[in-house]
Structures are given as structure tokens and as C-alpha cells.
Amino acid sequence: VVDPGSPAPSVTFASTNTCFDPLAGPPQVTLNYNAGTAPYTINYTEAGIPNTIVLATGQPFPLATIPTIPTLITITSITDINGCQSNVPSSILLSPGPSVNITPFSPEFCENDMITISANGSGGAGGLSYQWSDSNGGFYFGQNVDVTTPGAYTVTVTDANFCTTTEVINVNQTP
């Protein structure tokens with residue numbers, strides 16, 4: 001029996017930040033619930049594959065898989081515990097961002113010398129860009145940086161969808 005006085009539930013995605021690190025496990029997707037009474041039965045498609053899940057208000061939306069390519073998630077309907085239903089679709093595109101590692105692993109250089117550190121990015125969408133900063137306020141662009149000053153070096157890798165990842169390495173100088 002459907003309560004005719006109950007408003008139809010609806011749901012929207014809480015964040016437009018659709019980038020995630022595929023190495024950190026499935027992305028956490030948060031929903032905003034509007035009206036209705038929990039728990040909610042949510043019918044959705046993930047990469048075109050239909051799925052159903054029951055969630056309480058505030059529960060993160062778990063994904064069936066860890067996307068390795070941009071994946072469209074579309075909520076096709078939501079039904080609350082009272083049987084009130086809404087078929088207003090809501091979608092989000094999840095994009096796995098790039099990952100990066102820096103070589104050499106433990107960089108050291110001698111006094112009056114230098115060392116080249118390199119960022120090796122992978123994944124993400126399209127070409128990758130590299131921006132470095134150091135603990136002394138310097139900025140550098142490109143995959144490689146010639147280091148003559150010890151300290152912390154941070155690289156931010158950005159893909160074509162503006163998804164980013166950041167890695168930090170400490171460069172030491174030996175006397």
C-alpha cells in the first residue's frame with residue numbers, strides 16, 4: 001500500500017568530483033536523498049549493466065566494480081520503504097585518474113653535483129602533464145627535474161579530464 005500523502009523520493013549525486021585513484025580501491029560515491037523514507041531501493045546501471053541496491057540515508061553508494069575506464073553510473077529509479085517511487089534519472093561519470101611513481105626511489109647527490117628525478121605517470125585519460133614544486137618555493141614543468149638543492153619535491157600529474165594525483169619525494173645531499 002502506497003501512502004498517497006508521502007512525497008516521492010529522489011536522489012542526486014553529492015559531488016561532481018568524479019576522479020578517483022584506481023589503486024586505492026572503489027571510489028566512494030555519496031548521494032543526497034530528497035524526500036521519502038529510508039531505506040531506499042535504488043535501481044541503477046553501471047557501465048550499462050543493471051544493478052539494484054538497498055541503502056539507508058547517509059550510506060555511501062558502493063560500486064559493483066573498480067572502473068578502469070571512464071564509467072557512467074545512472075540511477076534509473078528509487079523506491080522508499082513506503083513504496084513511493086521516482087523514475088527521474090541522475091548520472092555521474094567516474095574517471096580513473098592517473099597514478100605516478102618517482103625514480104630514483106631514494107635520491108641522493110653529492111655536494112656541488114646534481115641528480116635528475118623523474119615522474120612516471122600512467123593511467124588517466126589522454127596525455128599527462130607534470131608540475132613540480134620544491135620545499136624552497138621552486139616550480140618546474142615536465143616529467144624530469146634536475147635537482148641541485150636537497151629537500152622535498154612534489155609532483156602533480158594531471159590528465160585530460162583534469163584528474164590529478166600527487167607524490168612527494170625527499171632528495172638528500174651527501175657531503
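Under the simplified labelling scheme, the T45-T156 pair shows an inter-label distance of 3.6 nm, with each label point 7 Å from Cα along Cα→Cβ.
Measuring only protein heavy atoms, the 1.4 Å probe finds C84 accessible over about 10 Å².
Counting Lys +1, Arg +1, Asp -1, Glu -1, what net charge surrounds G123 among other residues with beta carbon under 10 Å of its beta carbon? Result for the neighbourhood of G123: -2.
Rounded to the nearest 5, what is the percent of antiparallel bridges among the DSSP beta bridges in segment 1-124? Counting DSSP beta bridges with both partners in segment 1-124, the antiparallel share is about 95 percent. Its alpha carbons considered, segment 49-126 gives a radius of gyration followed by a Dmax of 22.4, 74 Å. Of the labelled figures (i) 61, 36, 33; (ii) 64, 38, 31; (iii) 81, 25, 21, only one reflects Cα extents along the principal axes in Å as derived from the coordinates, namely (iii).
Between T52 and T166, the FRET efficiency estimated from the beta carbon spacing at R0 = 35 angstrom works out to 0.45. Charge tally for Y153 (other residues, Cβ to Cβ under 15 Å; Lys, Arg +1; Asp, Glu -1): -4. As a calculated quantity, the FRET efficiency between N136 and N101 at R0 = 35 Å, using C-beta atoms, amounts to about 0.90.
Of all chymotrypsin sites (Phe, Trp or Tyr not before Pro) in segment 1-106, which ones are in loop regions per DSSP and have a Cβ with at most 16 other Cβ atoms within 10 Å? Of the chymotrypsin sites (Phe, Trp or Tyr not before Pro), the ones in loops of segment 1-106 whose Cβ has at most 16 other Cβ atoms within 10 Å are F105.
Using Cα centres only, tell me the gap between segment 124-175 and segment 13-42 in whole Å. Rounded to whole Å, the Cα centres lie 31 Å apart. Electrostatic bookkeeping for S99 treats Lys and Arg as +1 and Asp and Glu as -1; over the other residues with beta carbon under 10 Å from its beta carbon, the sum is -2.
The values are calculated or read from the model by the stated rules, or taken from the named source; none is laboratory data. Because the structure is predicted, anything quoted here is derived from the model rather than measured. In this analysis, Cβ positions are derived from the backbone assuming ideal geometry, glycine residues included, and neighbour counts consider all displayed protein chains. Quick note on the areas: whole protein, heavy atoms, side chains included, nothing else; ligands and nucleic acids left out. Shrake-Rupley method; radii C 1.70, N 1.55, O 1.52, S 1.80 Å.
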